[in-house]
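A.B. asks: Dropping the structure in here first, questions after.
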Amino acid sequence: MAKSENSAAPQPELVEVVLAKDHTHKKRLCKAGEKINVTPAQHDWLLSKGVVSAAGEVTNG
């Protein structure tokens, strides 16, 4: 039986965050104050590096 092309792996839920400082995201320079969408794992990494702040996080459904 052939696999359906619609059986792609589900995409992870994204979180919208506000950058605390300039950061390159998806090969684009983003300035402090900009909002970007990241995975929860990326959010944790950005938080640990001080690129986003917990207070600046905006969740996105």
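A.B. asks: May I ask you to rank SER53, SER48 by accessible area, largest first, using a 1.4 Å probe over the protein chains only?
C.D. replies: The residues order as SER48, SER53, largest area first.
A.B. asks: Once fully extended, how much extra length lies between GLN11 and ALA32, figured as 0.36 nm per residue of separation less the alpha-carbon to alpha-carbon distance?
C.D. replies: Full extension from GLN11 to ALA32 adds 4.9 nm.
A.B. asks: Under 5 Å between amide H atoms, partner at least 5 residues away or on a different chain: which partners does CYS30 have, H built in plane at 1.01 Å?
C.D. replies: Those qualifying (amide H under 5 Å, at least 5 residues apart or on another chain) are HIS23, THR24, HIS25.
A.B. asks: Going by average Cβ density within 10 Å per residue, which order do the peptides 17-28, 36-47 take, highest to lowest?
C.D. replies: 36-47, 17-28
A.B. asks: Another one. Report ³J(HN,Hα) in whole Hz for each residue of segment 37-44, in order, from the Karplus equation J = 6.51 cos²θ - 1.76 cosθ + 1.60 where θ = phi - 60°; Gly and Pro get x.
C.D. replies: 3J(HN,Hα) across segment 37-44, in whole Hz: 9, 9, 6, x, 5, 5, 4, 4.
The values are calculated or read from the model by the stated rules, or taken from the named source; none is laboratory data. The shown structure was predicted, so the numbers you read here are calculated from the model rather than taken from an experiment. Positions of Cβ are backbone-derived with ideal geometry, glycine not excepted, and every protein chain shown enters the neighbour counts. We work out accessible area using only protein heavy atoms, side chains counted, and drop any ligands, DNA or RNA first. Shrake-Rupley method; radii C 1.70, N 1.55, O 1.52, S 1.80 Å.
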